[in-house]
Amino acid sequence: MVRRTWRASSRLALALALAAVIAASSAGIPGQHAAQAADGAFVTEVIVRTVENFKNHSDVVKFMNSAANRHVSVINLNVKEDEDDAVPSGYVFYDSSIAPVAPGYAQFDALADVIAEAHARDIQVRAWIPQFHDRAAFDHDPAWRMMALKDGQIAPFTGSNGNEYFVNPLHPDVQAYERSIIREIVANYDVDGVVLDWLRFDDYNMDLSDYTRQAYSATYGYDPAAIDFATDNAKRRQWNDWRTTRIGEYVRDVANDIDRLVPDLFTGVYILPPEFAEVGQDAGKFKDYVDFVSPMAYFADWGFDPSWVYNGTGILAQTRSKVGDKEIIPGLDVWWTNAQYHQIYSGIRTQQAEVQNLAFFLYGKWTDNDLKKIDNRKNW
């Protein structure tokens, strides 16, 4: 999941403005789901990194038996590597003719195996497909690389630790490549849905590749590399509006691809908190092309209190103000305290009562005890 390379910037003024925007949009919250969510058990989803959990068929069977016993309804399976650790990002865990297959998976189609075993237990499987964090694409063509302006120099963006690899979300050839992988999965596997990830930049100062600079200059008459990215100004706002619009158009094109292959396939996007405007990801610009959004509500990662998950200016309220009546499935961590979960569950039930599904992310290997704890909380 996207969580490690984002860099926070000051957002005091934005926080003060959010309350008015959210209050104005609250009338559009769908009320017909509120009683169900407030009174019934939450539906459990899990977000599973393949490389950490499924090395072979035995791993899949063991996990699925536990998931069924612990009332897991949906598995969001990492079918394309999202990080640059055990496996390079962009490598896949299924039989692909487009993307490189991850080491150890040439003879083990993890996606096919998970679908078969999950469906046998009435568990849904969504294909979690990271997009622009992609070492395979980064290495394929230098012109595809995400470029950032730093200390007066434009260079490939390689994350906060210098060992992560990103491609330009705006380059048409990058988009064509990533879309072809999505189509391959949807056309060849009986997935119950698709959820996109890494659908963004990391800050205002990217992408500044030659392609993007030329395209932007042709539209606005100036080189975006000349923008003062460190302060709020008219040109930076214009730049960010252009970037978020292009991301929205990409989601539209992906949705059209999917609909042509499998009409009405449940499709969504993992998003960072909407207040993180610098990453160029505005859910309001692609809400019409998806069925759900899954905001990553990792309050501790970004120094917030638990109430930020559910209160009137927090991540769920921010997301609702962007996406209207679309379904919201919060992404939660697995390591918080019982007191924090009690507070968050109560807050969601009382202040975000239309939320019915909760998706839990664990970066490493899932255990039965992890699933048991979630199952024990579902009626909180």
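The values are calculated or read from the model by the stated rules, or taken from the named source; none is laboratory data. Computed from a prediction, not measured in an experiment: that's the story for all the values here. Cβ: placed from backbone, ideal geometry, glycine included. Neighbour counts: every protein chain shown.
Data overview
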{"quantity": "Selection from segment 350-380 of residues that are surrounded by fewer than 18 Cβ atoms within 10 Å (Cβ to Cβ), hydrophobic (A, V, I, L, M, F, W, C) and under 18 Å from Y270 (Cβ atoms)", "calculated": "none"}
{"quantity": "Residue list for segment 250-268, filter: surrounded by fewer than 19 Cβ atoms within 10 Å (Cβ to Cβ) and of a type in the set (F, W, Y)", "calculated": "F266"}
{"quantity": "Yes/no for S66 being at pLDDT 95 or above and surrounded by fewer than 19 Cβ atoms within 10 Å (Cβ to Cβ)", "calculated": "yes"}
{"quantity": "Cross-chain or 6+ apart pairs with Cβ under 6 Å, segment 55-66 first and more than 15 Å from G364 (Cα to Cα), then surrounded by fewer than 17 Cβ atoms within 10 Å (Cβ to Cβ)", "calculated": "M64/R121; S66/D368"}
{"quantity": "Any hit, segment 325-341, residues being polar (S, T, N, Q), in a helix (DSSP H, G or I), free of Cβ contacts under 8 Å to residues at least 60 places away in the same chain and farther than 27 Å from T50 by Cα", "calculated": "yes"}
{"quantity": "Single residue of A148, A112, A137 found to be within 30 Å of V43 (Cβ to Cβ) and touching a residue at least 40 places away in the same chain (Cβ under 8 Å)", "calculated": "A112"}
{"quantity": "Matching option when the condition is basic (K, R) and over 30 Å from W366 (Cα atoms), among K326, K322", "calculated": "K322"}
{"quantity": "In segment 269-317, the residues that are of a type in the set (S, T, N, Q) and either crowded, with 24+ Cβ neighbours inside 10 Å or on the phi > 0 side of the Ramachandran plot (or both)", "calculated": "Q281, S294"}
{"quantity": "Single unsatisfied condition, D305 versus (1) over 30 Å from A68 (Cα atoms); (2) out of contact with any Phe, Trp or Tyr (no Cβ under 9 Å at 6 or more places or on another chain); (3) free of Cβ contacts under 8 Å to residues at least 12 places away in the same chain", "calculated": "(2)"}
{"quantity": "Any hit, segment 103-126, residues being β-branched (V, I, T) and closer than 30 Å to Y204 by Cα", "calculated": "no"}
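Yes/no per residue for (1) surrounded by fewer than 24 Cβ atoms within 10 Å (Cβ to Cβ); (2) modelled with pLDDT under 95; (3) over 13 Å from V79 (Cβ atoms); (4) touching a Cys at 6+ places or on another chain (Cβ under 6 Å):
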residue: W128; (1), (2), (3), (4): no, no, no, no
residue: A136; (1), (2), (3), (4): yes, no, yes, no
residue: D141; (1), (2), (3), (4): yes, no, yes, no
residue: K150; (1), (2), (3), (4): yes, yes, yes, no
residue: P156; (1), (2), (3), (4): yes, no, yes, no
residue: H171; (1), (2), (3), (4): yes, no, yes, no
residue: I185; (1), (2), (3), (4): yes, no, no, no
residue: Y189; (1), (2), (3), (4): yes, no, no, no
residue: G193; (1), (2), (3), (4): yes, no, no, no
